[in-house]
Amino acid sequence: MQKSLDYLNLDELYSEEEILFRDTVKSFVYDEVSPIIDEYYQKGIYPVELTPKLAELGIFGITVPTEYGGAGANYTMYGLAMQELERGDSAIRSFASVQNSLVMYPILKYANEELKSKWLPKLANGTAIGCFGLTEPDYGSNPSGMITNAVETESGYLLNGAKMWITNGTVADIAVVWAKLDGVVNGFLVEKGTKGFSAPEMKGKYSLRASVTSELIFQDCEIPKENRLNVVGLRGPLSCLSQARFGIAYGAVGAALSVYESALEYSKTRIQFDKPIASFQLVQQKLVYMMNEITKAQLINYRLGRLMDEQRALPQQISLAKRNNVEIALESARLAREIHGANGILGEYPVMRHAANLESVKTYEGTNDIHTLILGQDITGFSAFA
Amino acid sequence: MNILVCISRVPDTATKVIIGSDGKSIDPKGVKYILNPYDELALEEALRLREKNGGNVTAITVGTAEATETLRNALAMGADNAVLVKGDEPADSYSVAVNLADYAKKMNPDVIFLGKQSVDFDSLQLPSMLAEILGLPSISVVSKLTIDGTNVSAERDIEGGKEVVSTTLPCVISAQKGLNDPRYPKLPDIMKAKKKPIEEIASNNLDARTVVHKMEIPLKERKAKILGDSVQDIEMLVTLLHEDAKVI
């Protein structure tokens with residue numbers, strides 16, 4: 001495998017084990033994901049055979065303590081793993097993001113000891129899959145308006161409502177679901193097979209085709225008392241999203257590296273007017289734009305990773321990274337598509353697939369626009385959300 | 001069962017090698033270094049043997065301080081101990097063999113594994129030299145191995161076929177593709193490897209018995225022409241065969 005773009009020698013800043021894990025995931029993706037992913041993408045199926053292999057590598061529960069089956073590694077290692085998974089495909093990274101940040105994280109942070117011991121080891125070894133239900137058909141950027149609600153009963157809670165755009169909903173053994181209890185957002189763990197709970201798969205996507213996307217439907221769904229998470233208000237789900245968005249900031253760089261490296265290689269071997277197209281000014285301009293923007297995104301990620309490791313990262317800093325990195329990754333994918341000419345639309349090259357995936361990544365986990373407003377609010381003191 | 005695995009740090013096989021300014025070494029700038037792929041096979045075989053029979057696996061390398069990352073990789077794959085015979089960049093295969101043999105004499109392993117060659121200089125000398133210095137039997141280029149008690153049976157790749165060879169422990173085995181499918185280091189093991197110590201011993205920086213004078217990279221030229229079945233291409237083919245190749 002070729003050494004990846006590292007224009008400012010950032011590898012020198014990462015530790016031996018961070019590099020070793022990143023390169024291990026990179027080799028895994030090269031051997032196991034890249035050769036098969038196009039076929040799955042075209043068919044619109046998630047490659048289930050990857051799940052136990054990912055678990056064996058230690059992809060699930062990267063930052064979770066070892067006593068719960070995790071690896072007890074730092075956030076930087078989590079980020080680097082997401083980068084390499086998304087170099088393969090955003091669907092694989094999304095799977096790992098959800099399992100780590102949106103399911104294992106809230107269980108570790110907000111569930112009782114019994115639920116932690118019951119679920120975390122299984123989620124870590126891949127025998128259980130999780131999903132995260134926050135978004136609703138009519139409440140995306142505005143989650144505080146959610147309709148899904150819980151009512152307290154003698155034995156627990158009765159859940160009613162519907163969630164949409166839920167990665168892995170259909171295949172999940174456990175769902176972390178956010179619903180209003182007395183008008184305040186609360187979190188609940190809903191097990192597969194609970195009466196009144198169903199999760200049909202959404203079809204017809206032109207993006208993230210190798211990922212399972214679902215609806216979650218709750219009709220008088222009975223939840224035991226102890227399955228309510230110990231966190232109140234929107235800060236519960238938002239704390240999970242901060243974790244996931246951090247992983248996306250790294251992941252987007254993986255997709256960007258994939259399209260950049262493909263475009264660079266292609267431009268050096270594609271001959272037009274008797275010369276490699278890499279020798280033409282307009283092609284060089286596109287390649288330099290990509291290289292330069294990826295280098296800046298790598299710097300943002302390195303710094304943000306260290307802030308995460310020191311537990312000092314602010315949500316708005318994570319917004320900056322997610323917003324910037326996904327945007328430049330999508331722009332790079334579009335430029336790479338142009339450099340590849342007609343070949344760029346073929347599954348033989350990864351660029352069109354990444355471009356289509358990144359369209360989703362740009363608007364999920366906080367749209368680009370919402371992250372702009374988070375940053376706008378932070379620097380001006382004025383909220384422009386509504 | 002005590003197993004010694006000799007490993008080396010080599011440039012990634014996809015590296016576009018650039019010759020250094022002295023004209024006789026590789027410019028390390030921008031080169032990604034990895035565990036030699038044939039040594040991965042050797043280490044994997046050692047780990048499987050330990051998993052079956054118990055014992056421990058020691059990974060050893062001769063080189064500079066940078067080689068600790070390669071040893072760390074071996075520890076993360078599952079080696080129990082790691083040894084760095086630290087010194088200058090080894091002068092040649094013989095100096096590596098002498099250093100490895102010095103350690104092996106103290107350790108007395110039941111079996112020594114190496115890759116059949118390192119993908120950097122490809123001199124293919126080390127396994128045989130090491131076995132010779134230690135006075136041990138050696139089977140090279142092994143693609144299938146069975147060890148039962150002290151009986152060793154190995155399949156070797158030979159030109160156009162296979163050969164089955166047997167010997168007894170202790171011995172030296174060099175690994176060829178097909179021997180196994182090396183595992184990826186798992187994250188929990190990478191975290192554990194971080195805490196394992198790497199033993200350092202000083203190398204006897206032997207004088208080189210062989211000396212590199214010059215390295216060069218062959219020029220790549222586009223020599224072939226691709227022609228289709230269009231009228232112009234057929235005319236071009238006839239012209240080329242007539243004027244360049246002078247065969248018609």
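The values are calculated or read from the model by the stated rules, or taken from the named source; none is laboratory data. Here the structure is a predicted model, which is why all the values come from computation and not from measurement. Quick reminder, even Gly has a Cβ in these numbers, built from the backbone with ideal geometry, and neighbours come from all protein chains shown. Note: areas computed on protein heavy atoms with side chains; ligands, DNA, RNA excluded. Shrake-Rupley method; radii C 1.70, N 1.55, O 1.52, S 1.80 Å.
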Output the Cα-based Rg and Dmax of the protein assembly as shown in Å, rounding Rg to one decimal and Dmax to a whole number. 28.3, 98
Here are some pairs, A:Lys118/A:Lys180; A:Lys3/A:Lys362; A:Lys43/A:Lys163; A:Lys296/B:Lys116; A:Lys109/A:Lys362; which of them have Cα atoms lying more than 31 Å apart in this structure? A:Lys296/B:Lys116
May I ask for the distance between the Cα centers of region A:123-138 and region A:76-103, given as a whole number of Å? 14 Å
In percent, what relative contact order does region B:2-202 have, based on Cα pairs under 8 Å that are 6 or more apart in sequence? 26 percent
Can you work out the accessible area per residue across the protein assembly as shown, with the rest of the protein chains kept in place, probe 1.4 Å, in square angstrom? 47 Å²
Could you report the accessible area of A:Ser27 in Å², rounded to 10, computed with a 1.4 Å probe on the protein chains as they sit in the structure? 30 Å²
Protection proxy ranking, peptides B:229-237, A:233-241, A:192-200, A:60-68, average beta carbon neighbours within 10 Å, highest first: A:60-68, A:233-241, A:192-200, B:229-237
Provide the FRET efficiency to the nearest 0.05 for the B:His242-B:Val31 pair, computing r from the beta carbons and using R0 = 41 Å. 0.30
Taking every DSSP beta bridge with both residues inside the protein assembly as shown, roughly what % is antiparallel (nearest 5)? 60 percent
Provide a whole-number value for the mean count of partner chain Cβ atoms within 10 Å of the Cβ atoms in peptide A:132-144. 0
Measure out, as a whole number of angstrom, how far apart the alpha-carbon centroids of region B:1-38 and region A:163-219 sit. 49 Å
In degrees rounded to 10, the 0-90 angle between helix A:34-43 Cα long axis and the longest Cα principal axis of chain A is 60 degrees
Taking only Cα atoms and a 10 Å spring cutoff, compute GNM fluctuations for chain A and point out the largest among A:Asn112, A:Asn186, A:Asn125. A:Asn112
Can you sort A:Ser97, A:Ser279, A:Ser15, B:Ser166 by solvent-accessible area, 1.4 Å probe, largest first? B:Ser166, A:Ser279, A:Ser15, A:Ser97
Give me the number: length gained by fully extending A:Asn125 to A:Leu299, i.e. 0.36 nm times residue separation minus the C-alpha to C-alpha distance, one decimal in nm. 59.4 nm
Residue-normalised 222 nm signal for the protein assembly as shown, counting each DSSP H run of n ≥ 4 as -39,500 (n - 2.57), nearest 500 deg cm²/dmol, is -13500 deg cm²/dmol
Over 30 Å (Cα to Cα) - which of B:Lys162/B:Lys220; A:Lys203/A:Lys322; A:Lys268/B:Lys162; B:Lys29/B:Lys52; A:Lys268/B:Lys177 fall in this group: B:Lys162/B:Lys220; A:Lys268/B:Lys162; B:Lys29/B:Lys52; A:Lys268/B:Lys177
Using 5 Å bins from zero, what percent of all Cα-Cα pairs in region A:180-221 falls into each bin? 6, 16, 20, 20, 15, 14, 7, 2
Give me the extension gain from A:Thr66 to A:Ile345: residue separation times 0.36 nm, minus the current Cα-Cα distance, reported in nm with one decimal. 96.1 nm
Charge-dipole axis of the protein assembly as shown as Lys and Arg at +1 and Asp and Glu at -1 on Cβ define it, positive-most pick from B:Ala46, A:Met1, B:Val57: A:Met1
Show me you know the interface measure: the accessible area buried between A and B, both chains summed, probe 1.4 Å, in Å² to the nearest 100. 1900 Å²
Which of the residues in region B:186-219 lose at least 50 Å² of accessible area when you go from the chain alone to all protein chains together (probe 1.4 Å)? B:Lys186, B:Leu187, B:Ile190, B:Met191
Can you give me the Cα centroid spacing of region A:324-386 and region A:51-75 in angstrom? 28 Å
Taking a probe of 1.4 angstrom, what is the accessible area of A:Trp165 in Å², to the nearest 10? 150 Å²
With all protein chains present, region A:137-294 has a carbon and sulfur share of its accessible area (1.4 Å probe) in percent of 52 percent
Pairs of Cα atoms farther than 27 Å apart, region A:236-380, %: 27 percent
May I ask you to find the residues of region A:53-69 that are shielded by at least 10 Å² of accessible area once the whole protein assembly is considered instead of their isolated chain (probe 1.4 Å)? A:Glu56, A:Leu57, A:Gly58
